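Engineer: Questions regarding the structure given below will be posed in turn.
The values are calculated or read from the model by the stated rules, or taken from the named source; none is laboratory data. For clarity, every value in this text was computed on a predicted model and none was experimentally measured. Methodologically, a virtual Cβ is constructed for each residue, glycine included, from the backbone with ideal geometry; neighbour enumeration extends over all protein chains shown. For the accessible areas, the whole protein counts, side chains as well, though only heavy atoms, and no ligand, DNA or RNA atoms are used. Shrake-Rupley method; radii C 1.70, N 1.55, O 1.52, S 1.80 Å.
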Amino acid sequence: MQKRISPLSVAPMLDWTDRHCRYFHRLLNPTVLLYTEMVTTGAIIHGKQDFLAYNSAEHPLALQLGGSDPAAMAHCAALAEQRGYDEININVGCPSDRVQNGMFGACLMADPKLVADCVTAMKAAVAIPVTVKTRLGIDEHDSDEFLWRFTDAVVDAGVDSLIVHARKAWLKGLSPKENREIPPLQYERVYQLRQRYPELPLAINGGVKTAAEIAHHLNHVDSVMVGREAYQNPWLLAELADQQASREAIARKMIPYVDQHIGQGGRAWHVARHMLGLFSAQPGGRRWRQYISQQGPQAQSAEQLIEGALQFRESGEKH
């Protein structure tokens, strides 16, 4: 029997999907699987701050781990399970120089045995799902055989699901941003993995922007991971959940959370910056973004900031 997998998730995105962003996304959609930003094993083991902190409202929630030492990956997976995370994901997709220098991310596609060893060690340490997020290939190594050599290894190691970004990555010559745009999308190659691993839950990622596209992909795979579109147009998550609350109501629901963050010594902007796209493509959307962007960095009151932005947006609609 095939294992269950959430049909929709929001991709881990560095500097974007922090705990404040995830809390906001959870208000929009009660069931979407949320992922942390990538956290390295070194940060968790040696860092002075709590890199595993999150709000209980964020569940279901997955931790994305960056690392390649099986013992360290297993140790961090166990810590995450103790903290209540619902899934641990191994990053084999990020192509940045910093990630490569740390020996994790997309460069690990060249060492399938090492990733398989990480999966084996983590599976032995935790009862929650251990998953892998990968690309189709790296540099000139992007044949089906190269991809299958990698996926076969992690599937044989017992990985609970694969999330495949339907592009290859260039480890040299392209920035992380360019690597999300320039290598062509090859959705059919991800679909082919369904035939190769008919019992394995399979998720697709890359370039997905609409509910119609999500529905199309779900005819071929078990789950769709949405990235930048979920951040820049977060109401997409609400539409997919048949959200009954209005955008204005969601904005106001964020006020107690923002005030709590301010009360703990944080800044309203830490949270409000993730809400800039709430009125994307709507009347007054630019005015909402303008007000939050200008007033957010120095705002001392969540109600003043959010109500002020709503009023500023509404005043623009009337003219």
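Engineer: Here's a check for you: in the stretch 171-193, which residue that is open to solvent by less than 40 Å² (accessible area, probe 1.4 Å) and not in a loop (DSSP other than H, G, I, E, B) is modelled with the lowest pLDDT?
Structural biologist: ASN179
Engineer: Say we look at the stretch 207-248 and pick out the residues that are small (Gly, Ala, Ser) and within 16 Å of the chain's Cα centre (by Cα); which of these is farthest from GLN192 (Cα to Cα)? Working first, answer last.
Structural biologist: Filtering the stretch 207-248 down to residues small (Gly, Ala, Ser) leaves 207, 211-212, 215, 223, 227, 230, 238, 241, 245-246.
Filter once more, keeping what is within 16 Å of the chain's Cα centre (by Cα): 207, 223, 227, 230.
Values: GLY207: 18, SER223: 15, GLY227: 22, ALA230: 26 Å.
Restricting to residues being small (Gly, Ala, Ser) and within 16 Å of the chain's Cα centre (by Cα), the top hit is ALA230.
Engineer: Given the conditions (1) closer than 22 Å to TYR54 by Cβ; (2) crowded, with 19+ Cβ neighbours inside 10 Å; (3) touching a residue at least 40 places away in the same chain (Cβ under 8 Å), and given that ALA268 satisfies all but one, which numbered condition is not satisfied?
Structural biologist: Unmet condition: (3).
Engineer: Go through the stretch 104-162 and report how many residues are within 19 Å of CYS94 (Cβ to Cβ), hydroxyl-bearing (Ser, Thr, Tyr) and out of contact with any Asp or Glu (no Cβ under 9 Å at 6 or more places or on another chain).
Structural biologist: 2
Engineer: Still on this model: Within the stretch 202-223, can you find the residues that are over 12 Å from PRO7 (Cα atoms) and acidic (Asp, Glu)?
Structural biologist: Passing the criteria: only GLU213.
Engineer: Against the definition (surrounded by 22 or more Cβ atoms within 10 Å (Cβ to Cβ) and not basic (Lys, Arg)), how does GLN64 come out, yes or no?
Structural biologist: Details: surrounded by 22 or more Cβ atoms within 10 Å (Cβ to Cβ): yes; not basic (Lys, Arg): yes.
So GLN64 passes the test.
Engineer: One residue is enough: does the stretch 85-103 have a residue meeting the conditions crowded, with 20+ Cβ neighbours inside 10 Å, of a type outside the set (Phe, Trp, Tyr) and under 27 Å from ALA249 (Cα atoms)?
Structural biologist: No, the stretch 85-103 contains no residue that is crowded, with 20+ Cβ neighbours inside 10 Å, of a type outside the set (Phe, Trp, Tyr) and under 27 Å from ALA249 (Cα atoms).
Engineer: Looking only at the stretch 143-170, count every residue that is more than 20 Å from SER6 (Cβ to Cβ) and either open to solvent by 20 Å² or more (accessible area, probe 1.4 Å) or modelled with pLDDT of 95 or more (or both) and tell me the total.
Structural biologist: 16
Engineer: Give the number of residues within the stretch 25-38 that are crowded, with 21+ Cβ neighbours inside 10 Å and over 12 Å from the mean Cα position of the chain (by Cα).
Structural biologist: Residues in the stretch 25-38 being crowded, with 21+ Cβ neighbours inside 10 Å and over 12 Å from the mean Cα position of the chain (by Cα): 2 in total.
Engineer: State all residues of the stretch 127-137 that are open to solvent by less than 10 Å² (accessible area, probe 1.4 Å) and in a strand (DSSP E or B); if no residue qualifies, say none.
Structural biologist: VAL130, THR131, VAL132, THR134
Engineer: Among (1) crowded, with 19+ Cβ neighbours inside 10 Å; (2) free of Cβ contacts under 8 Å to residues at least 60 places away in the same chain, there is one condition ARG286 misses while meeting the rest; what is its number?
Structural biologist: (1)
Engineer: While we're looking at this one, here's another question. Which pairs do you get when a residue that is under 14 Å from PHE104 (Cβ atoms) and outside any strand (DSSP E or B), found in the stretch 26-47, comes within reach of a residue that is modelled with pLDDT of 95 or more and open to solvent by 30 Å² or more (accessible area, probe 1.4 Å), reach meaning Cβ atoms under 6 angstrom, with the pair 6+ apart or on two chains?
Structural biologist: Qualifying pairs under 6 Å: ALA43/PHE51; ILE44/PHE51.
Engineer: Given the options PRO12, PRO70, name the one that is under 18 Å from VAL130 (Cβ atoms) and crowded, with 20+ Cβ neighbours inside 10 Å. I'd like the intermediate steps shown before the answer.
Structural biologist: On the way: PRO70 fails: crowded, with 20+ Cβ neighbours inside 10 Å.
Exactly one residue qualifies, and that residue is PRO12.
Engineer: Of THR151, THR134, which residue is farther than 22 Å from GLU37 by Cβ, free of Cβ contacts under 8 Å to residues at least 60 places away in the same chain and among the polar types (S, T, N, Q)?
Structural biologist: Working: THR134 fails: farther than 22 Å from GLU37 by Cβ.
That would be THR151, the only listed residue that is farther than 22 Å from GLU37 by Cβ, free of Cβ contacts under 8 Å to residues at least 60 places away in the same chain and among the polar types (S, T, N, Q).
Engineer: Would you check if there is a residue in the stretch 156-166 being in a loop (DSSP other than H, G, I, E, B), in contact (Cβ under 8 Å) with a residue 12 or more places away in the chain and in contact with a Leu (Cβ under 6 Å, 6 or more places away or on another chain)? Before the answer, list the steps.
Structural biologist: First, the residues of the stretch 156-166 that are in a loop (DSSP other than H, G, I, E, B): 157-160, 166.
Retained after the next criterion (residues that are in contact (Cβ under 8 Å) with a residue 12 or more places away in the chain): 157-160, 166.
If we keep only those that are in contact with a Leu (Cβ under 6 Å, 6 or more places away or on another chain) as well, we get 166.
Checking the stretch 156-166: at least one residue is in a loop (DSSP other than H, G, I, E, B), in contact (Cβ under 8 Å) with a residue 12 or more places away in the chain and in contact with a Leu (Cβ under 6 Å, 6 or more places away or on another chain).
Engineer: When you go through ALA77, ALA106 one by one, which is the residue that is at pLDDT 95 or above and part of a helix (DSSP H, G or I)? Can you show your working first?
Structural biologist: Numbers: ALA106 fails: at pLDDT 95 or above.
Criteria check complete, one pass: ALA77.
Engineer: Among the residues of the stretch 252-288, write down those that are more than 16 Å from ARG19 (Cα to Cα) and polar (S, T, N, Q).
Structural biologist: Passing the criteria: SER280, GLN282.
Engineer: Within the stretch 104-122, work out how many residues are touching a strand residue (DSSP E or B) at 6+ places or on another chain (Cβ under 8 Å) and open to solvent by less than 30 Å² (accessible area, probe 1.4 Å). Lay out the reasoning, then the answer.
Structural biologist: Pass one, the stretch 104-122, residues touching a strand residue (DSSP E or B) at 6+ places or on another chain (Cβ under 8 Å): 104-110, 115, 118-119, 122.
From what's left, open to solvent by less than 30 Å² (accessible area, probe 1.4 Å): 104-109, 115, 118-119, 122.
Number of matching residues: 10.
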